[in-house]
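The values are calculated or read from the model by the stated rules, or taken from the named source; none is laboratory data. None of these values were measured; they are calculated from a predicted model. Using ideal geometry, Cβ is built from the backbone for each residue, glycine included, and neighbour counts are taken over all protein chains shown. Just the protein is used for accessible areas: all its heavy atoms, side chains included, with ligands, DNA and RNA removed. Shrake-Rupley method; radii C 1.70, N 1.55, O 1.52, S 1.80 Å.
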Amino acid sequence: MDRYVTAEDAIRAIRLCGVGDSPVPDLLLLDYNLPGGRGVDILAAAAGNSVLDRVPKVILSSFLSSSEMEEAISMGAIRFLEKPATLQEFVDSIGTNVRQLLGITNTQPPAA
């Protein structure tokens with residue numbers, strides 16, 4: 001799993017997805033507000049790369065206005081996740097949603 005800190009880094013990676021041996025992600029989980037941009041900027045870049053058409057795109061935020069949600073939907077977001085208040089709630093909520101989006105039914109950790 002790759003992780004990018006700034007919008008610029010993520011946009012650069014999105015443009016390269018599927019080029020040569022550059023991997024295609026199973027899911028784009030994007031914070032709405034990022035250093036150097038917004039999650040919708042990354043969604044716009046993803047819309048320009050047809051390799052990512054079938055990749056689920058999710059926006060994570062503590063609050064979005066209806067116009068921000070509409071903009072994200074128009075750029076390809078299929079779900080919005082509210083940031084929970086505590087780390088444990090975050091892990092539980094995001095983990096459940098990611099497993100659902102990826103069709104993962106086994107919630108038990110792999111055997112050692």
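Take the conditions at pLDDT 90 or above and either of a type outside the set (Ser, Thr, Tyr) or within 16 Å of the chain's Cα centre (by Cα) (or both) and apply them to residue 56. Does it pass? Judged against the criteria, residue 56 is a match. Filtering region 16-43 to residues that are buried (at least 18 other Cβ atoms within 10 Å of the Cβ) and of a type in the set (Ser, Thr, Tyr) leaves only 32.
Residues that are touching a residue at least 24 places away in the same chain (Cβ under 8 Å) and either touching an Asp or Glu at 6+ places or on another chain (Cβ under 6 Å) or open to solvent by 20 Å² or more (accessible area, probe 1.4 Å) (or both) were ranked within region 51-81; the one that is farthest from residue 37 (Cα to Cα) is 51.
Within region 4-15, being surrounded by 13 or more Cβ atoms within 10 Å (Cβ to Cβ) and either at pLDDT 90 or above or in contact with a Phe, Trp or Tyr (Cβ under 8 Å, 6 or more places away or on another chain) (or both) holds for 7, 8, 9, 10, 11, 13, 14, 15.
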